[in-house]
Amino acid sequence: KKTVKIRRVADISVPAANDKIDLIKKVGVSFEKKVDSAVKVNMAKGGKNANVRWSVIGLLDESGSMGPFFRDGTVQEIVERALAWAATKDSDGMAPFGAFGSHHIWHEEVDLTNVRNIVDEKGWHPWGSTNLASSLQAILDMIRDMGDGWQMDPILLFIVTDGSPDDQQAVKRLICELSQYPVFVKILRVGNDPWAKQFTDFLDDMEDHSPGSRLFDNVDCPKESLRRGMSDDKFNEDMTAETDSVIDGMIAAGVLSE
């Protein structure tokens with residue numbers, strides 16, 4: 001449906017948002033270390049496409065079962081770490097954040113100026129069921145509305161969730177539809193819900209279950225759930241995993257061009 005021209009940079013040893021180095025430092029020493037870790041992992045694990053620029057978008061599961069992960073700081077940690085990773089890949093170091101409970105909502109753009117304690121300060125909280133399909137539809141609608149006016153690099157859409165969605169069939173269909181565009185879906189699973197793991201594993205290995213249903217393999221989900229206090233290197237390895245092969249897949253499918 002849409003082909004986007006790839007954008008590469010010459011030096012991957014510095015953050016993509018290198019004009020905002022001072023802002024990175026102002027967020028705090030711990031955040032600066034997260035960015036440094038993301039750069040290091042990108043250099044070691046990013047593969048031949050480590051210098052590709054992405055547009056990063058985040059989605060948060062705000063269903064009732066996510067309550068413990070909001071209260072213990074896991075959600076805030078993931079937001080900070082994902083934005084630190086984005087600072088090495090996304091030229092403006094910013095990620096629009098949406099959420100889904102019983103339906104989709106947009107929160108705001110999270111960047112280097114507001115990432116610290118944003119979950120508490122903005123009052124993000126659990127409030128509904130797990131209508132992931134509504135958020136995927138909103139992303140798909142946004143991309144379709146852009147038409148020929150596409151102003152983004154290939155999109156890396158990360159989803160923080162602890163449970164299986166309300167409508168699994170709708171999610172499967174939308175994942176397949178998203179493969180018609182340069183969109184990589186990175187599912188960051190928290191908690192130990194066995195049904196959630198079963199479903200995210202299915203999406204991760206969809207080609208084994210429904211061969212040919214997508215133009216390219218557009219989903220990755222780490223086999224182990226994310227947890228509070230995990231190392232920055234491990235988190236960044238999970239974020240970087242399969243970005244290289246996905247770029248190759250996008251090019252082969254014709255949704256990304258050199």
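The values are calculated or read from the model by the stated rules, or taken from the named source; none is laboratory data. Fair warning: this is a prediction, and the values are worked out from it, not measured in the lab. A quick note on method: Cβ atoms are made from the backbone with ideal geometry, for glycine too, and the neighbour counts reach across all protein chains shown. Calculation scope for accessible area: heavy atoms of the full protein, side chains included, ligands and nucleic acids excluded. Shrake-Rupley method; radii C 1.70, N 1.55, O 1.52, S 1.80 Å.
For every other residue with a beta carbon closer than 12 angstrom to the beta carbon of P211, add +1 if it is Lys or Arg and -1 if Asp or Glu, then tell me the sum.
Counting the neighbours of P211, the net charge comes to -3.
Distance from the Cα centre of region 224-255 to that of region 137-164, in angstrom?
17 Å
Which lysines, if any, have their Cα less than 19 Å from the Cα of K89, not counting same-chain residues under 8 positions apart?
K5, K20, K25, K33, K34, K40, K45, K48, K186, K234
Any aspartates and glutamates with Cα under 14 Å of the K1 Cα? List them, leaving off those in the same chain fewer than 8 positions away.
The reachable aspartates and glutamates, counting only those whose Cα sits under 14 Å from K1, are D141, D145, D148, E177.
Could you check which residue among M152, M230, M239 shows the biggest mean-square fluctuation in a GNM of the chain with a 10 Å Cα cutoff?
M230
Pairs of alpha-carbon atoms within less than 8 angstrom and 6+ residues apart define the contacts here; what relative contact order does region 104-194 have, in percent?
33 percent
Is the C-alpha gyration tensor of region 56-209 telling us rounded, prolate or oblate? Criteria: a/c under 1.5 is rounded; beyond that, a/b larger than b/c is prolate, otherwise oblate.
Oblate shape, in that a/c is at least 1.5 and b/c is the bigger or equal ratio.
How many times 2.2 N^0.38 Å is the alpha carbon radius of gyration of region 99-163? If you can, show how the numbers build up before the last one.
Values: Rg = 13.7 Å, N = 65, 2.2 N^0.38 = 10.7 Å.
Scaled against compact globular proteins, the figure is 1.27.
Treating each Cα of region 170-258 as an identical point scatterer and ignoring solvent, apply the Debye formula and state log10 I(q)/I(0) at q = 0.14 Å⁻¹.
With one equal scatterer per Cα and no solvent, log10 I(q)/I(0) is -0.52.
What number, rounded to the nearest 500 deg cm²/dmol, is the helix-based mean residue ellipticity at 222 nm of the chain, given -39500 (n - 2.57) per DSSP H run of at least four residues and division by all its residues?
Mean residue ellipticity at 222 nm (helix-derived): -12500 deg cm²/dmol.
Over the Cα atoms of the chain, each weighted equally, I'd like the Debye log10 I(q)/I(0) at q = 0.09 Å⁻¹, rounded to two decimals.
Values returned for q = 0.09 Å⁻¹ are -0.35.
How are the alpha carbon pair distances in region 13-63 distributed across 10 Å bins from zero to the largest one, expressed in percent?
All Cα pairs considered, the percentages come to 21, 43, 30, 6.
Test of understanding: in a Gaussian network model of the chain with alpha carbons linked when under 10 Å, which of L174, L83, L156 would top the mean-square fluctuation ranking?
Answer for the Gaussian network model of the chain: L174.
Could you work out what % of the accessible surface of the chain is carbon and sulfur, using a 1.4 angstrom probe and leaving DNA, RNA and ligands out of the count?
48 percent
Before anything else, pin down the relative contact order of the chain: Cα pairs under 8 Å, at least 6 apart, normalised by residue count, whole percent.
In percent, rounded to a whole number, it is 25.
Quick one: accessible area per residue over region 55-139, 1.4 Å probe, rounded to a whole number of Å²?
Working: 2780 Å² over 85 residues.
Here the residues of region 55-139 average 33 Å² of exposed surface.
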